[in-house]
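The values are calculated or read from the model by the stated rules, or taken from the named source; none is laboratory data. Here the structure is a predicted model, which means the values were calculated and not measured. Reconstructed Cβ throughout: ideal geometry from the backbone, glycine too, with neighbour counts over all protein chains shown. The accessibility values were calculated without ligands, DNA or RNA, using every heavy atom of the protein model including side chains. Shrake-Rupley method; radii C 1.70, N 1.55, O 1.52, S 1.80 Å.
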Amino acid sequence: MLEPWLTRELETVPRYDRFPTVDEINDSLTKLAADRPDITTWRRVGTSRLGEPLWCLTVGDGARHAIVGAMPHPNEPIGGHTVIHLATRLCEDAGLRKATGYTWHLVACLDPDGTRLNEGWFAGPFTKTHYGRHFYRPAGDEQVEWTFPFAYKDAYFDRVMPETLALMRLIDETRPAFLTTLHNSEIGGAFFYLNRPAPGVHGVLQELARRYDVPLYAGEPEHPTVRMLDKAIFRTPDMREVYDYTERLGQDPSLVVAGGASDSYAARYGTLCLTAELPYWMDPAAGDRTPTDTSYRELLRRQAAGLREIAEELSGVLDAIRDDVVSDSPFLRASRFFAPLIAVNAETGEQRAADPGCDRPATIAEVRSALDLVHSHRLRFGGMLLRALEGELAIGNGTPRIRQRAASFAEVYATWCAEAESATPDETIPIGHLVAIQYGSILACAAEAARGAGGDGAGRARSDGDPQVRR
């Protein structure tokens, strides 16, 4: 059961029919700052790689600090609405500001350059084909969330991007008690990451998903090292554990591990960090733990075979056009990064299948999530490679090889899209429901962080007593 104050806040979330663009997020927060200069500060906290300002709206004057950052991954736009709604409620409701006890720092968009490359699908139609054809996900060393400093064994990463540096400075400046960068998943059910166990809020997060009839995800975790804290609640991935796991398999950790994430950087301040992973398309089977006739071993092998097929197809195109491309587009850089990574993930699945612990039936949720991942990788990374090829043609670099590969790969991609549309669920979750779950999880976890910080001073702006996060 959700507490009454949180239920009332959920009811303030409006309906939406599309996702906001970078300009719309900035414009909305700019207007709030102009309307309420008495309680807000609108300031530039950094600059993107292409020269776009990174903006932050600070609201309130509570004793503790909280950071909320939208679009650390530019293909995950639910947070655009969430950050606008959170800012709006904080500006219009003095009771909410006082109850939270925070000074809120709301970063409008952490990756505006990448987000603009996704805006072609933000207004729909919300089919998987339209989504994939306008999809962009940066290469690993160009993602805000995975380019924090990291040093472990032979891994050393310090190529911090300007956008990441802006978030680092904000974390160091505010020493937040609570931090969330607003992510989302793609298909299936809801799940949450916390950087440490917080039993007081686990049930709230689960109930938020149930309130909107979104199943709690029970499928494959995003990496074998990810540990479950509770149903659909996981410990945030630790890159040191990923490194050790990859090393034990005899693989090169440098192919998998790059930089750290915001939660690992903020850990020095005792910050509670949340990631709410919410899908666009709902799959009722995502929470079904019923055993099937398929063995878990066979499922891993089937998924690995699908991933290997994708990697070989993408790599074959990239190899064929290597000597002909003249641009260094973000689509090409991303394609060159993800093709070998998909091959590594296929090898990991093959090696996992040899584990004696795989001699058990796979659940319905595991089967669905494993096969959905193959379709997702086809749509995402195939779509980006097609955009890379079309980009070469658009600048006049229509060599015979590029023309031929663009045409043949377009046929492959059309087949992939048709199979994904027919083999995966197509029920979209109302955007307002997704925003409400994300908004509710922020308020609940911020309250938990305020209770858990106690008197240690973490995230405090001044020492005038601990606020009670209640309405």
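A few points about this structure:
- Failed condition for GLY349, given (1) over 18 Å from THR246 (Cβ atoms); (2) buried (at least 21 other Cβ atoms within 10 Å of the Cβ): (1)
- Considering region 257-367, the qualifying strands (runs of 3 or more DSSP E), each wholly inside and each with 2 or more residues that are closer than 30 Å to ALA449 by Cα and modelled with pLDDT of 95 or more, run over 272-277.
- Any chance ALA304 is surrounded by 16 or more Cβ atoms within 10 Å (Cβ to Cβ), under 24 Å from the mean Cα position of the chain (by Cα), small (Gly, Ala, Ser) and farther than 19 Å from GLY188 by Cα: yes
- Residue within region 399-414 that is outside any helix (DSSP H, G or I) and modelled with pLDDT of 90 or more present: yes
- The residue list GLU350, GLU366, GLU277, GLU298 contains one member that is touching a residue at least 24 places away in the same chain (Cβ under 8 Å) and touching a His at 6+ places or on another chain (Cβ under 7 Å), which is GLU277.
- Restricting attention to region 266-284, the residues that are open to solvent by less than 20 Å² (accessible area, probe 1.4 Å) and not β-branched (Val, Ile, Thr) total 11.
- Checking PHE409, PHE381 one by one, the residue that is among the hydrophobic types (A, V, I, L, M, F, W, C) and either open to solvent by 20 Å² or more (accessible area, probe 1.4 Å) or over 21 Å from the mean Cα position of the chain (by Cα) (or both) is PHE409 and no other.
- Residue in region 177-190 that is farther than 27 Å from HIS433 by Cβ, open to solvent by 10 Å² or more (accessible area, probe 1.4 Å), in a loop (DSSP other than H, G, I, E, B) and among the aliphatic types (A, V, I, L, M) present: no
- Of all residues in region 412-423, those that are touching a residue at least 60 places away in the same chain (Cβ under 8 Å) and among the β-branched types (Val, Ile, Thr) have Cβ atoms under 9 Å from Cβ atoms of residues that are open to solvent by 50 Å² or more (accessible area, probe 1.4 Å) and assigned to a helix (DSSP H, G or I), 6 or more apart or on another chain, in VAL412/GLU313.
- Scanning region 424-445 for residues that are at pLDDT below 95 and part of a helix (DSSP H, G or I) returns no hits.
- Any hit, region 128-150, residues being touching a residue at least 12 places away in the same chain (Cβ under 8 Å), in a loop (DSSP other than H, G, I, E, B), surrounded by fewer than 20 Cβ atoms within 10 Å (Cβ to Cβ) and among the β-branched types (Val, Ile, Thr): no
- Sole exception among (1) out of contact with any Cys (no Cβ under 7 Å at 6 or more places or on another chain); (2) of a type outside the set (S, T, N, Q); (3) within 26 Å of THR181 (Cα to Cα); (4) open to solvent by 20 Å² or more (accessible area, probe 1.4 Å) for GLU312, by number: (3)
- Among residues of region 17-29, those that are touching a residue at least 24 places away in the same chain (Cβ under 8 Å) and open to solvent by 60 Å² or more (accessible area, probe 1.4 Å), counted: 3
- Members of region 32-55 that are over 23 Å from the mean Cα position of the chain (by Cα) and either among the aliphatic types (A, V, I, L, M) or surrounded by 14 or more Cβ atoms within 10 Å (Cβ to Cβ) (or both): LEU32, ALA33, ALA34, ARG36, ILE39, THR40, TRP42
- Any chance ASP238 is over 18 Å from the mean Cα position of the chain (by Cα) and more than 22 Å from LEU10 (Cα to Cα): no
One line per residue, one yes/no per condition, for (1) under 30 Å from THR127 (Cβ atoms); (2) part of a strand (DSSP E or B); (3) open to solvent by less than 20 Å² (accessible area, probe 1.4 Å):
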{"site": "GLU173", "(1), (2), (3)": "no, no, no"}
{"site": "PHE192", "(1), (2), (3)": "yes, yes, yes"}
{"site": "LEU205", "(1), (2), (3)": "yes, no, yes"}
{"site": "ALA218", "(1), (2), (3)": "yes, no, yes"}
{"site": "PRO237", "(1), (2), (3)": "no, no, no"}
{"site": "GLU247", "(1), (2), (3)": "no, no, no"}
{"site": "SER254", "(1), (2), (3)": "no, no, no"}
